[in-house]
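Asker: Have a look at this one before I ask anything.
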Amino acid sequence: MSFSESDSSSTPTGVKPCRDRQATDSHFDSGELLFRRVLLGQFDQDGHVYPQAFIPDPVSVNRSRYSTALCVICASSCDLRKPSVDYKPVKMNVSALLKQPTIVLKHIPSPKNSSHCEIDSVENTRQARKVLRTHLSDHSHIVTNFIPCESFLAKM
Ligand SMILES: [Zn+2]
């Protein structure tokens, strides 16, 4: 009973730890954020993410209800191909994404990462995939303020 109080003191209010086991949770709040890691070379000069950063689909993201932005560049919850510093986390607002009716969002938790989700198109056509990439590119913003995660481990 008391252990959860000391555990939660290092966890921001409302965010559940990324490494806790979590059942599939199909409800997304309109204010919830989705996080994705993007390689440094996939931003233009103004800090916008190129649509090519969202290949292949379905697009893997983490949701803010069960993780922080930092968790997308964490070696303990992700299989990072490059060092953590080679990526920048971006955020997308759930309500902005779901304004595009051809986009679907599914929570698919894994034992290593309870916040894992997939963004996909309703239709599996070239045009629908292009709409998806463009929409995600238009609605991604670089994360500048990081909430700490107690499980965070940088890949060197
Ligand atoms: Zn984490």
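Laboratory data are not the source of any read-out in this text; all were calculated from the coordinates shown. This structure is a prediction, so every number in the text was calculated from the model and none was measured. Please note: Cβ atoms are built from the backbone with ideal geometry, for glycine as well, and neighbour counts cover all protein chains shown.
Asker: For the range 79-124, which positions are assigned to a loop (DSSP other than H, G, I, E, B) and crowded, with 20+ Cβ neighbours inside 10 Å?
Answerer: So in the range 79-124, the residues assigned to a loop (DSSP other than H, G, I, E, B) come out as 79-83, 98-102, 108-115, 122-124.
Matches in the range 79-124: N113, S114, S115.
Asker: Examine the range 62-77 for a residue that is away from the ligand (no atom under 16 Å from the Cβ) and of a type in the set (A, V, I, L, M), and state whether such a residue exists.
Answerer: Here is the first cut: in the range 62-77, the residues away from the ligand (no atom under 16 Å from the Cβ) are none.
No: the range 62-77 contains no residue that is away from the ligand (no atom under 16 Å from the Cβ) and of a type in the set (A, V, I, L, M).
Asker: Next up: Filter the range 78-95 down to residues that are farther than 19 Å from F43 by Cβ and away from the ligand (no atom under 16 Å from the Cβ), then give me how many there are.
Answerer: Keep residues of the range 78-95 that are farther than 19 Å from F43 by Cβ, which gives 78-79, 94-95.
Add one more test, that the residue is away from the ligand (no atom under 16 Å from the Cβ), and what stays is 94-95.
Residues meeting the conditions: 2.
Asker: Something else now. If you take the residues in the range 52-61 that are closer than 22 Å to P83 by Cα and either assigned to a loop (DSSP other than H, G, I, E, B) or touching a residue at least 60 places away in the same chain (Cβ under 8 Å) (or both), which one is nearest to the ligand (Cβ to nearest atom)?
Answerer: Applying the first criterion (closer than 22 Å to P83 by Cα) to the range 52-61 yields 52-56, 59-61.
Filter once more, so that each one left must be either assigned to a loop (DSSP other than H, G, I, E, B) or touching a residue at least 60 places away in the same chain (Cβ under 8 Å) (or both): 52-56, 59.
Numbers: Q52: 27, A53: 21, F54: 22, I55: 25, P56: 24, V59: 19 Å.
So, considering only residues that are closer than 22 Å to P83 by Cα and either assigned to a loop (DSSP other than H, G, I, E, B) or touching a residue at least 60 places away in the same chain (Cβ under 8 Å) (or both), the one nearest to the ligand (Cβ to nearest atom) is V59.
Asker: Report yes if some residue within the range 27-34 is of a type in the set (G, A, S), surrounded by 13 or more Cβ atoms within 10 Å (Cβ to Cβ) and farther than 19 Å from I142 by Cα; otherwise report no. Show your work before the answer.
Answerer: Initially, the range 27-34 is screened for residues of a type in the set (G, A, S), giving 30-31.
Filter again for surrounded by 13 or more Cβ atoms within 10 Å (Cβ to Cβ), leaving none.
Checked against the condition, which is being of a type in the set (G, A, S), surrounded by 13 or more Cβ atoms within 10 Å (Cβ to Cβ) and farther than 19 Å from I142 by Cα, the range 27-34 yields no hits at all.
Asker: Kindly indicate the residue of the range 125-144 that is touching a residue at least 40 places away in the same chain (Cβ under 8 Å) and closer than 25 Å to D25 by Cβ and also surrounded by the fewest Cβ atoms within 10 Å (Cβ to Cβ) among those meeting that condition.
Answerer: The extreme case among them is H141.
Asker: Here's another thing I want to ask about it. Could you figure out which of (1) within 16 Å of the ligand (Cβ to nearest atom); (2) surrounded by fewer than 19 Cβ atoms within 10 Å (Cβ to Cβ); (3) assigned to a strand (DSSP E or B) isn't true of I147?
Answerer: Of the numbered conditions (1) within 16 Å of the ligand (Cβ to nearest atom); (2) surrounded by fewer than 19 Cβ atoms within 10 Å (Cβ to Cβ); (3) assigned to a strand (DSSP E or B), the odd one out for I147 is (3).
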